[in-house]
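A quick write-up on the structure given underneath.
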Amino acid sequence: MSTRNRTSAPRVRPGAPATPVSPEARAREVLEAGRYREAIELYKSLLKQERRSEWLDGLAASYSGRADELASKGMLPEALVVWRNRSSLCGKPLTDGPYVAWLLRAGEYHAALSLLTTAGDPSVTTDSDLETRLAAVALIAPDSALAQLAADSPLRRHRGAALAAIAACCRGDSPDLDEQLRAIPFRSPYRDLRFVLKALLLVSSDASQAAELIARVAVDGPFEKLAAVVRAGVLPGTRWLTALLDLDEESRWLLLEIKGCPENRRSLLLEVAELTKAGMPPAPARVVDLLLRRSRSFPATAARLCRRLLPYADKRLADYRNAFGPLGGAEGESILALAAELREAPERSERHWLRAVDLFSTRESAPLQAAFILRHLFDLIVGDDDASDFDHECTTWLERSLELDPDDRDTHLKLIRLHRQAQDLKAARAAVETALARFANDPVILLEAVETALAGNAFKKAVTLAKRLLELDPINSKVRAVIGQAHLSHARKQIRAGRPDMAGKELDLADEWLASPNERSLSKLLRGLSASDARATALLQEAVAELGGHLLASFHLMLESIRIGSPASLEMQRAAISLSGTPADREVLAVMHSINVLGESDQRALGTVLDSLRERLKCAAGGDFSESERIAICETLQRRDERMLLLAYADAGLQRWPERPVFVYLTTLARHGPAASLAMSAREQAALQRALEKATDEGDQRTVLRIGELLQPPQSYADEDPDDFDKWDAFDGPGKVLFENPRALLEMMISLGNEQGLIDMARDIVSDSEFRRMVRAAGGDRKQLARMLIDHLVEVEQRMPRGHSPGEAAKPAPRAPTAPRNRAPVADDRQQGLFDD
């Protein structure tokens, strides 16, 4: 549109007078601003000119606002005067608003009741709602005030029955109460009183019925003060204490009377209620302060409660003794031990617990307490950590607890398992004998005895114990599997000893107990490996076909070959297994499951097997796995420290589920190892931070903790003084002090989880013959090989002239790439695992 067709707004010249405001607009503006006194005068002036309805409404609103102001300041007489002016000058009903409530608050009962008379406001003479609102006033007003009401007024006719009902309620006379309440009609202004009085009698005896009755009473009715007492009294538990604080003083005493609280303890109960005011359990230290301050008001049981809370306020031990009397030495030590636990001071807690044990043990009546403390101390200090890290004192605690409490079966079981985990089979067998002497026919103890026998290669004893267990529990599938696995383990031992006939008998016995097809296929696999004739070869190939897939079959075949001391390469040729092509997803999952169930004694053999299958497993990393399946695969690989495979599977998961926190974590861990914080780039660190935030939002606490640990520097760095930088000269080579001590540098590589990096570095320094010798001596143990290389490199460095590096001692000639060589199998005759397969 052209600007010529637009209508321009009139311009105001500078200095021109403002447009005058009309008196009506001025009055409305003042009213909206809340200046009610000024608004009243303005509207009065307007009404002198003309009596308009909108001006009358404005004046009424001004009077209403002014009266509210006065009432909020407690000036009720002045507020009532203003409200009456509103009614007389504006023609508004007196009862329209808070007028009646103000009358009752001011105690002007006569004036309130006069509203119901014919001499009062005609608009309210038939107002039954007003009668209901004044019902409570009619009960407490003097007879002279009621005399002004008509003789047939419900407030007068039903008043006697209502007063008699109140008296019956105060006496607790339920039959008389029922009789008096029947005289009050359903439409009476006193109708709510029927439910309130009945509920009051039931609060202490039948709270649920009282709650049903009070629910029928409208909130803010004429008897709301009584109804509020009932509503608070029927609250469950201790919630009524919180509601007690919302009542006025008279209502509080009534509720405490109903609850049966003695008068001398009511002030104390109000203090307790104050502690629960926030709607949350009070801080234990505040409760202790209350108990100590009011100790004379409490029964004797309060001392026990105070002792239980003292660990949260151990500085008050002296005050406790002053208030409740002396405290036993053992109890005092227990309180100090718990206080140390709360402060996360385990060493201090341990000292106090052990002192408490000594004190309890000397008392004839308290050996069980001492035993319980010892078990608690073990769980506190040791927890669920690896048993190989326990010191002797920790297991001594459990043994001592059994001396004090020999009937605690769970401690017997824990002690057996700990000794077996720590490879202390002699102690494990002794613990088994002690447990069996106490629980001869306990199935769980017998199962632990079977597993302990298997761990020590006592196959016949294991079978005997398992059969004894089956007599007690014939449908125990686990023990059947244990018997079958024991026979398989014994068969391997016979094959390794060159006794195929004896091995065949053991396999026949195993077949009687093995239930799953996979277990039976492994039994057939061992039959094929026990001989080299055509029949055995056929059995071997049948077993491979039954296992389903060459990857899974080769895994079991190589593992069993190592167990029996047979060359895996020859057995692979006999079984006609081909590892070409990409393995199926189900095969990868089956292999991971098989890895997870292997015992500790098979870990070295497993490393040898994975060396041969690593490339095939890597080829399958892009398979169509579900998210949970891929996470399970990655977790298995992480436990085995297979970082190359872990990176392949985690990275494929990250490609499919971008920014999934667990895959971000696993990818970073696989790429850089546990010391990732020292090696990852800023981009990777930012990705980890985003993953941490996302895992927190999703409630994935495990991933949150793992990412947090990965972002922290290694412990060896975390313990360094951040100001002590003179050890690390950035301009004189990285870590000058480390290069002055090469062993420290190489050991640090192992501590950071980089054994493979050290091996690769040494491969270019150490001669081929020396390297092969150490590989054979390490027997497939990568950490052992790394430490042997460290010893060799340090020895070479010490023989070198100053200024030369170990790499100059024997620089190998360039080598042509060679094909991967089959590593010689390493025999392992320990067979300490429960399930070999």
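Residue count for the stretch 610-644, restricted to those that are more than 28 Å from the chain's Cα centre (by Cα) and among the hydrophobic types (A, V, I, L, M, F, W, C): 8. The C-beta contact set for the stretch 39-62 (first residue closer than 18 Å to P93 by Cα, second residue modelled with pLDDT under 90 and outside any helix (DSSP H, G or I), distance under 6 angstrom, 6+ apart or interchain) comprises A60/K92.
Checked against the criterion of being more than 29 Å from R351 (Cα to Cα) and of a type outside the set (A, V, I, L, M), the candidates P443, P406 yield just one match: P443. Look at the stretch 402-431: where a residue is closer than 16 Å to D379 by Cβ and a partner is among the aliphatic types (A, V, I, L, M) and buried (at least 20 other Cβ atoms within 10 Å of the Cβ), sitting 6+ places away or on another chain with Cβ atoms under 6 Å, you get D405/A371; T411/L398; T411/L402; H412/A435; L415/L398; L415/A431.
In the stretch 217-319, counting only helices (runs of 4 or more DSSP H) that sit wholly within it, the ones holding 2 or more residues that are more than 30 Å from P98 (Cβ to Cβ) and open to solvent by 40 Å² or more (accessible area, probe 1.4 Å) span 266-275, 284-293, 301-309. Taking residues in the stretch 450-478 that are free of Cβ contacts under 8 Å to residues at least 60 places away in the same chain, and partners anywhere that are open to solvent by 40 Å² or more (accessible area, probe 1.4 Å) and of a type outside the set (K, R), the pairs with Cβ atoms closer than 8 Å and at least 6 places apart or on different chains are L469/P443; L472/N441; L472/P443; D473/P443; N476/P443; S477/A515.
So for the stretch 676-696 (the condition being at pLDDT below 90 and closer than 30 Å to V609 by Cα), does at least one residue qualify? Yes, some residue in the stretch 676-696 is at pLDDT below 90 and closer than 30 Å to V609 by Cα. Number of residues in the stretch 597-626 that are farther than 27 Å from A422 by Cα, open to solvent by 50 Å² or more (accessible area, probe 1.4 Å) and in contact (Cβ under 8 Å) with a residue 12 or more places away in the chain: the value is 7. Take R194 and tell me if it is among the charged types (D, E, K, R), surrounded by 14 or more Cβ atoms within 10 Å (Cβ to Cβ) and in the same structural domain as K259 (by TED's automatic domain parsing). Considered against the rule, which asks whether it is among the charged types (D, E, K, R), surrounded by 14 or more Cβ atoms within 10 Å (Cβ to Cβ) and in the same structural domain as K259 (by TED's automatic domain parsing), R194 comes out as yes. If the condition is being among the charged types (D, E, K, R) and either crowded, with 16+ Cβ neighbours inside 10 Å or in a loop (DSSP other than H, G, I, E, B) (or both), then the stretch 70-82 contributes only K73. Each residue in the stretch 335-364 was checked for being among the small types (G, A, S), in contact with a helix residue (DSSP H, G or I) (Cβ under 6 Å, 6 or more places away or on another chain), open to solvent by less than 40 Å² (accessible area, probe 1.4 Å) and more than 14 Å from Y312 (Cβ to Cβ), and 2 pass. For the stretch 50-59, residues that are among the small types (G, A, S) and surrounded by 19 or more Cβ atoms within 10 Å (Cβ to Cβ) total 1.
With the structure loaded, tell me whether G699 is open to solvent by 20 Å² or more (accessible area, probe 1.4 Å), out of contact with any Gly (no Cβ under 8 Å at 6 or more places or on another chain) and of a type in the set (G, A, S) or whether it fails that test.
yes
For the stretch 83-90, the count of residues that are surrounded by fewer than 20 Cβ atoms within 10 Å (Cβ to Cβ), under 26 Å from D220 (Cβ atoms) and either among the β-branched types (V, I, T) or out of contact with any strand residue (DSSP E or B) (no Cβ under 7 Å at 6 or more places or on another chain) (or both) is at least one.
Against the numbered list (1) closer than 28 Å to P474 by Cα; (2) assigned to a loop (DSSP other than H, G, I, E, B); (3) not charged (D, E, K, R), V432 comes up short only at (2).
For the stretch 217-236, indicate whether the set of residues that are of a type in the set (A, V, I, L, M) and either without any contact (Cβ under 8 Å) to a residue 12 or more places away in the chain or on the phi > 0 side of the Ramachandran plot (or both) is non-empty.
yes
Among (1) under 22 Å from S208 (Cβ atoms); (2) modelled with pLDDT of 85 or more, which single condition is W240 missing? Going through (1) under 22 Å from S208 (Cβ atoms); (2) modelled with pLDDT of 85 or more one by one, W240 breaks only (2). Among the residues of the stretch 425-439, the one identified as in contact with a Ser or Thr (Cβ under 8 Å, 6 or more places away or on another chain) and among the charged types (D, E, K, R) is R429.
The values are calculated or read from the model by the stated rules, or taken from the named source; none is laboratory data. Everything numeric in this text was worked out from a predicted model, so none of it was measured. Don't worry about glycine lacking a Cβ; one is built from the backbone with ideal geometry, like all the others, and counts go over all protein chains shown. For accessibility, only protein heavy atoms count, side chains too; no ligands or nucleic acids. Shrake-Rupley method; radii C 1.70, N 1.55, O 1.52, S 1.80 Å.
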